[in-house]
Structures are given as C-alpha cells and as structure tokens.
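Read the figures in this text as sums done on the coordinates, not as results from a lab. Small disclaimer: the values here were computed from a predicted structure and weren't measured.
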C-alpha cells in the first residue's frame, strides 16, 4: 500500500490500490486492495486478473 502501481479514490471515498506481488516461481500477480476513507483500514483485497496499466 506504500507504493501502489495505481491509486484511485472512488466517489464514496474508498481508495482502490493495485500492486504487484511476486510468487515463489517469480511470476507477478496484481493485487487490488480497497481501503476505507482513512487509507489504512482494508475493506477488501483480491487478485485482479483484469488489471491493465493506464497508457
């Protein structure tokens, strides 16, 4: 959460963050974390197979 690939604030104040996570084999997965308005309390987290970096 300290250095996300992308950070978006939703209309309801929640914050969406995406970060790369590397597994034991070296493959990178994208993790999406949604926090509450305080930016610290995690509301939800899951691997996002549909993530595409903005161009």
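Net length available on complete extension from residue 23 to residue 51 is 8.3 nm, with 0.36 nm assigned per residue and the Cα-Cα distance removed.
Just want to confirm a number: the relative contact order over the chain, from Cα pairs under 8 angstrom separated by 6+ residues, in percent.
Working: 93 pairs, mean separation 14.0, N = 55.
Reported as a whole number, the value is 25 percent.
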